[in-house]
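The values are calculated or read from the model by the stated rules, or taken from the named source; none is laboratory data. Treat the numbers as computed from the prediction; the structure is a model and nothing was measured. Cβ placement follows ideal geometry from the backbone for every residue including glycine, while neighbour counts extend to all protein chains displayed.
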Amino acid sequence: QMVGPACSIARALQPAMVVIEDVDLIAEDRSLFPGGNPMLFQLLNEMDGLAEDADVLFVLTTNRADLLEPALAARPGRVDLAVQIPVPDAEGRHALLALYRGGLSLPNDGLDGIIHRTEGVTASFIKELLRRAAVTAARRDADDAAALHVTRDDLTDALDELFDTANAMTRVALGGGTAHHTDGTASDGLTVPRPAAAPTTARPDIGISSQ
């Protein structure tokens, strides 16, 4: 319902950028849901209604580019550039741990095993991993008013919990990959629960922009 007002403000303040996150929620392929979403038609009208000299950029993000309405994603002139953002590599996962740690105290070493086991996960998964490890540390050090000290064991326990088959839906929602071997042992020598099904592969974010 805010697509129209947002675009009106963008036109009034141009140059401007309109960012619509998870655009697949309003712009799913109409063949999947007969009738379509009224917000999809409003978005298409707003994008088509811009004057040729309008300085307004649309940035649309999605994890499910395969579900997007072709009239939006495949029509020339609406989407000028599609950028795929892959899941973070090992260096990126190190950086995400540093970014999301906040005031947490993490171990100075021993993180290589955690980094290896989180191959294929998204930034959201790393954030949830730290949150769960912090909860464990807070319960253990409830009487310590100083900064939380998250140990390698805290991270390992949190990762085991996320990789447990009982949390499969949570792992999918967070974009969690797995680094399990067929014998159920991770490369860092830690024993982890063996998945009941094939490992979940995270879908990369897709950034789509149109002007």
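Can you work out which of the residues in the stretch 1-16 that are of a type in the set (Gly, Ala, Ser) and within 28 Å of the chain's Cα centre (by Cα) is surrounded by the most Cβ atoms within 10 Å (Cβ to Cβ)?
ALA10
In the stretch 31-48, what count of residues is obtained for those that are modelled with pLDDT of 80 or more and not in a helix (DSSP H, G or I)?
Of the residues in the stretch 31-48, 1 are modelled with pLDDT of 80 or more and not in a helix (DSSP H, G or I).
Please enumerate the residues belonging to the stretch 17-38 that are surrounded by 15 or more Cβ atoms within 10 Å (Cβ to Cβ) and in contact (Cβ under 8 Å) with a residue 24 or more places away in the chain.
VAL18, ILE20, VAL23, ASP24, ALA27, GLU28, ASP29, ARG30, GLY36
Please list, ordered by first then second residue, the pairs with beta carbon atoms under 8 Å, 6 or more apart or interchain, first in the stretch 73-102 and at positive phi, second surrounded by 10 or more Cβ atoms within 10 Å (Cβ to Cβ).
GLY77/SER210
Find all pairs meeting these conditions: Cβ atoms under 9 angstrom apart; at least six residues apart or on different chains; first residue within the stretch 103-125 and among the basic types (Lys, Arg); second residue part of a helix (DSSP H, G or I) and modelled with pLDDT under 85.
These pairs meet every condition: ARG117/PHE163.
Results for (1) among the aromatic types (Phe, Trp, Tyr); (2) farther than 18 Å from LYS127 by Cβ, shown as yes or no for each residue.
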{"residue": "ASP53", "(1), (2)": "no, yes"}
{"residue": "PHE58", "(1), (2)": "yes, yes"}
{"residue": "ARG64", "(1), (2)": "no, yes"}
{"residue": "ALA82", "(1), (2)": "no, yes"}
{"residue": "GLY92", "(1), (2)": "no, no"}
{"residue": "LEU97", "(1), (2)": "no, no"}
{"residue": "ARG101", "(1), (2)": "no, no"}
